[in-house]
Amino acid sequence: MYRKNEGADSEHRMKTGKLFVLSGPSGVGKGTLREHALNNAPNLKYSISCTTRKPREGETDGVEYRFISHTKFQEYISQGLFLEYAHVHEDYYGTLKSDVMSELEAGHDVLLEIDVQGALKVKEIMPEAVLIFVAPPSVEVLTQRLTGRGTESSSSLEVRLSNALKEIALKDKYDYVIVNDDLDSACEELKKIIL
Ligand code: 5GP
């Protein structure tokens with residue numbers, strides 16, 4: 001028997017993946033949490049962002065980020081290629097729509113690691129996205145971690161710390177908040193949310 005709108009219904013029933021968005025201040029341990037989640041959730045794909053930031057030592061184009069020029073970034077904006085983009089710290093960062101949509105449509109879950117401005121934009125466009133904020137146990141601990149990491153100049157460190165306070169103030173807008181006091185427990189918490 002033929003049912004009206006069958007095509008549209010079956011399209012709706014198509015299994016698509018879930019979108020997870022991880023945010024938190026610089027130095028809170030998002031990188032480690034992300035790696036742990038990717039190693040433990042086989043269906044989870046990481047979306048590699050574009051940035052105008054220069055690569056740090058040991059970073060490779062196409063692995064941590066797609067490192068692109070300001071001109072290219074502006075081109076992508078005018079072509080409407082970004083799902084979201086934001087000016088974070090001192091550079092531009094953006095998520096390509098095509099990367100996320102193709103993985104979701106293939107039935108994979110997708111993980112974005114983006115800042116608070118970007119995360120809130122994604123939630124507006126895709127309310128079903130699951131927003132996860134990683135918070136430090138205290139601002140003092142975060143300062144120590146960020147200073148100890150030794151990846152930033154003193155001016156960049158200052159910007160990152162002042163942005164950290166602004167980001168932490170918005171954590172209640174997230175679906176989940178993980179306090180990264182103990183790394184192993186934080187990893188387990190994230191895995192549970194994703195799986
Ligand atoms: P970093 O320079 O330390 O790699 O990243 C700086 C900040 O930019 C981090 O908070 C990171 O989550 C954020 N970020 C990375 N990629 C994106 C993106 O595509 N969009 C937005 N809005 N933020 C991003």
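The values are calculated or read from the model by the stated rules, or taken from the named source; none is laboratory data. Keep in mind the model is a prediction, meaning the values are calculated, not measured. Note that we place each Cβ from the backbone using ideal geometry, even for glycine, and neighbour counts take in every protein chain shown. Ligands, DNA and RNA are excluded from the accessible area calculation, which covers all protein heavy atoms including side chains. Shrake-Rupley method; radii C 1.70, N 1.55, O 1.52, S 1.80 Å.
Summarising the amide proton neighbourhood of Ile178: residues at separation of 5 or more, or on other chains, whose placed amide H is nearer than 5 Å comprise Phe133, Val134, Ala135. Based on the Cβ-Cβ distance of Ser153 and Lys15, what FRET efficiency does E = 1/(1 + (r/R0)^6) give at R0 = 45 Å, to the nearest 0.05? Calculated value: 0.45. At the residue level, Phe82 shows approximately 20 square angstrom of accessible surface with a 1.4 angstrom probe and all protein chains present.
Within straight-line reach of Lys191, meaning a Cα separation under 16 Å, sit the following lysines at least 8 residues removed in sequence or on another chain: Lys18, Lys30, Lys45. Restriction of the GluC sites (Glu not before Pro) in the range 113-185 to DSSP coil positions whose beta-carbon has at most 10 other beta-carbons within 10 angstrom yields Glu128. Here the gap between Leu195 and Val179, fully extended at 0.36 nm per residue and compared with their Cα-Cα distance, gives a gain of 3.9 nm. Mean projection of the Cα convex hull over all viewing directions, computed for the chain: 12.9 nm². Extension gain, His89 to Ser69, is 5.5 nm, computed as 0.36 nm per intervening residue step minus the present C-alpha separation.
Which residues in the range 125-165 have a backbone N closer than 12 Å to a point placed 7 Å from the Cα of Arg56 along the Cα-to-Cβ line? Under 12 Å, as judged by backbone N against the label point of Arg56, lie 146-153, 157 of the range 125-165. Placing unit charges on the Cβ atoms of the charged side chains and taking the dipole of the range 16-194 about its Cα centre, the candidate lying farthest along the positive direction among Ile194, Ser69, Ser47 is Ser69.
The charge dipole of the range 16-194, taken about its Cα centre with unit charges on the Cβ of Lys, Arg, Asp and Glu (plus for the first two, minus for the last two), comes to roughly 200 debye.
Taking 1.567 mPa s as the viscosity and 4 °C as the temperature, the Stokes-Einstein diffusion coefficient of the range 68-165 based on its alpha-carbon Kirkwood radius rounds to 84 µm²/s.
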